[in-house]
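S.K.: For reference, the structure I am asking about is given below.
The values are calculated or read from the model by the stated rules, or taken from the named source; none is laboratory data. Just so it is clear, the structure is predicted and the values come from calculations on it, not from any experiment. Cβ atoms come from the backbone with ideal geometry, glycine included; neighbour counts cover every protein chain shown. Calculation scope for accessible area: heavy atoms of the full protein, side chains included, ligands and nucleic acids excluded. Shrake-Rupley method; radii C 1.70, N 1.55, O 1.52, S 1.80 Å.
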Amino acid sequence: ERWFAQRGLPAVVRLTEAADPAIDRRLEARGYEHDLGAIIMTRPNAGLVPPNRQDVQLADRPSPYWLEAAAREPGRGGAKRAVLAQLLDHITLPAVYAGIGRNELDAIGLGVLAGDHVAVFMMRTEPHARRQGLANDIATSLTTWGAGQGATEAFLQVHPSNAAALALYESLGFEPQYEYWYREKRSSSLVPSP
């Protein structure tokens, strides 16, 4: 708590199912609120089915349209395009940006090669384009790209409350591996240890 306070930041702890449940209870008792988490899901890249659509665009850099679609994601705190572009510039591993649509993209995703794994990130489908199979084709395109780069397994993370995304990824052969969540101390004052 002191380390975070010295930097003007709220104290944050990341927990997984492997953590002793007493730690989570103690943090809650100290005023740490439960915050966003995710389920990590994986699948082998063997037996991938190609995407249904042929119009998935893959690029090694995000286009202005890709950045605009990514910046509209509600969970990203209204990230501005310029800030998002700077963050993405720090990716040093091979990466691919997927999109469907012309100027205003209807669906996007990001694939990053990490050793023999391809990570699937930043999946987003515009509300007007949902339930048309676009996310399926983006995810399949990213995992197929990763397999072509030598990745033998794909992984992603999804918020536990996103039932539609969980169903989609399970239909693509992804299986839950573990869950994590955060505890965040939102008040700036330190609570003395008991």
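S.K.: Taking the condition of being closer than 29 Å to Gln177 by Cβ and open to solvent by less than 70 Å² (accessible area, probe 1.4 Å), how many residues in the stretch 5-29 meet it?
M.R.: Here the count works out to 10.
S.K.: Return yes or no: is Ala139 under 18 Å from Asn45 (Cα atoms), of a type in the set (A, V, I, L, M), open to solvent by less than 60 Å² (accessible area, probe 1.4 Å) and not in a strand (DSSP E or B)?
M.R.: yes
S.K.: Scanning the stretch 150-189 for residues that are among the polar types (S, T, N, Q) and assigned to a strand (DSSP E or B), which turns out surrounded by the fewest Cβ atoms within 10 Å (Cβ to Cβ)?
M.R.: The qualifying residue surrounded by the fewest Cβ atoms within 10 Å (Cβ to Cβ) is Gln177.
S.K.: Follow-up. Name the single residue, out of those in the stretch 99-132 being farther than 19 Å from Thr144 by Cβ and among the acidic types (Asp, Glu), that is least open to solvent (accessible area, probe 1.4 Å).
M.R.: Per the criteria, the residue is Glu126.
S.K.: Given the conditions (1) in contact with a Lys or Arg (Cβ under 7 Å, 6 or more places away or on another chain); (2) open to solvent by 40 Å² or more (accessible area, probe 1.4 Å), and given that Ala69 satisfies all but one, which numbered condition is not satisfied?
M.R.: Single failed check for Ala69: (2).
S.K.: Right, next: Evaluate the stretch 63-77: report whether one residue or more is under 21 Å from Ala154 (Cβ atoms) and among the polar types (S, T, N, Q).
M.R.: no
S.K.: Search the stretch 32-47 for residues being over 19 Å from the mean Cα position of the chain (by Cα) and open to solvent by 40 Å² or more (accessible area, probe 1.4 Å), and hand back the single one that is farthest from Val120 (Cα to Cα). It would help to see each step written out before you state the result.
M.R.: First, the residues of the stretch 32-47 that are over 19 Å from the mean Cα position of the chain (by Cα): 32-33, 46-47.
Checking which are open to solvent by 40 Å² or more (accessible area, probe 1.4 Å) leaves us with 33, 46-47.
On the way: Glu33: 28, Ala46: 16, Gly47: 17 Å.
Looking at the filtered set, the residue picked out is Glu33.
S.K.: Any residue in the stretch 64-83 that's more than 14 Å from Pro127 (Cα to Cα): show its pairings with residues that are assigned to a helix (DSSP H, G or I) and at pLDDT 85 or above at Cβ separation under 9 Å, as long as the two are six or more apart or on different chains.
M.R.: Leu67/Leu88; Arg76/Ala70; Ala79/Ala70; Arg81/Pro64; Arg81/Leu67; Arg81/Glu68; Arg81/Ala70; Ala82/Leu67
S.K.: Restricting to the stretch 48-67, name every residue that is among the acidic types (Asp, Glu) and under 20 Å from the mean Cα position of the chain (by Cα).
M.R.: Of everything in the stretch 48-67, just one residue is among the acidic types (Asp, Glu) and under 20 Å from the mean Cα position of the chain (by Cα), namely Asp60.
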